[in-house]
Amino acid sequence: YSRRYIRRHFHSLRVSQNNLPAIPSNIPLVVFTNHASWWDPLVGLVLKSEFFPQRRLFSPIDSVALQRYKFFLKLGFFGIEQNHPRGAVQFLRNAESILSQSDSVLALTPQSRFCDVRQRPLQFRPGIGHLAARVERAAFLPMAVEYVYWEERLPEILVRFGPVIDVTREKNSTLNAQEWTALFEEKLSETQDALAMDSQA
């Protein structure tokens, strides 16, 4: 459905050949991305089937939005209460459970709102940093997405992956949640800047 829908509304979905992900199958994966458009979940589903076909996908979504779009439940989305302390607890509890399974992929938009791709500095909600500080082991993968018009009637979807960040508690125990969040902001920002250069080229 996602492929068909995207094919109807876009000229292409293009992925940069730099840093194509090669994640060992025995490590749980967190893909964190900017939130540029309403299209992001559908794009994510197509990319998941292309790059991580054996993994089970999960992603948090605002519980109010999930009530409105209940079909997301069937796709691995789980509701959290945004802007409420209870929501942070829900997120961490669910995310840790998901990442205890090596065949899972957790997709996050840590800005937690739609943001223009040119916005700098990136400002993440703290949940991703708290998750990295608590999880035993996971691969964190930055992914940048842009929607642009080039020379065709329909727009293009551009994607670039950043380098994998190995989060292992024994190895990285000196980093606290705030430092993890700052590191992830930096890595996604670098990936978005690299994608912008790809687009211009």
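The table that follows gives values for the structure above.
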| item | result |
| --- | --- |
| Local electrostatic count at ARG56 - Lys and Arg +1, Asp and Glu -1, tallied over other residues with Cβ under 13 Å | +2 |
| Rounded FRET efficiency, nearest 0.05, which uses the C-beta distance separating GLU179 from SER100 and R0 of 22 Å | 0.40 |
| Protection proxy ranking, peptides 13-23, 186-196, average beta carbon neighbours within 10 Å, highest first | 186-196, 13-23 |
| Shape of segment 1-118, Cα gyration tensor, a/c cut at 1.5 | oblate |
| Exposure rule at most 16 other beta-carbon atoms within 10 Å, DSSP loop chymotrypsin sites (Phe, Trp or Tyr not before Pro): the chain longest free segment | 151-201 |
| The chain - Rg (one decimal) and Dmax (whole number), Cα, Å | 16.3, 51 |
| Per DSSP, loop trypsin sites (Lys or Arg not before Pro) in segment 119-174 with at most 15 further Cβ within 10 Å | ARG153, ARG169, LYS171 |
| Gained length - TRP38 relative to ARG86, 0.36 nm times residue gap less alpha-carbon distance | 14.7 nm |
| Counted charge near GLU186, where neighbours are those whose Cβ lies closer than 13 Å (Asp, Glu -1; Lys, Arg +1) | -2 |
| Within the chain, helix-based [θ] at 222 nm, where runs of 4 or more DSSP H residues each add -39,500 (n - 2.57), nearest 500 | -11500 deg cm²/dmol |
| R0 of 25 Å, Cβ-Cβ distance GLN119-TYR147: FRET efficiency to nearest 0.05 | 0.95 |
| Selected from ALA177, ALA132, ALA65 as most flexible by GNM, with the chain as the system and alpha-carbon contacts under 10 Å | ALA65 |
| Signed unit charges on C-beta, dipole axis of the chain, positive-most listed residue SER59, PRO163, SER16 | SER59 |
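We did not get these values from a lab; they are worked out from the coordinates using the rules stated. Source: prediction; values computed, not measured. Quick reminder, even Gly has a Cβ in these numbers, built from the backbone with ideal geometry, and neighbours come from all protein chains shown.
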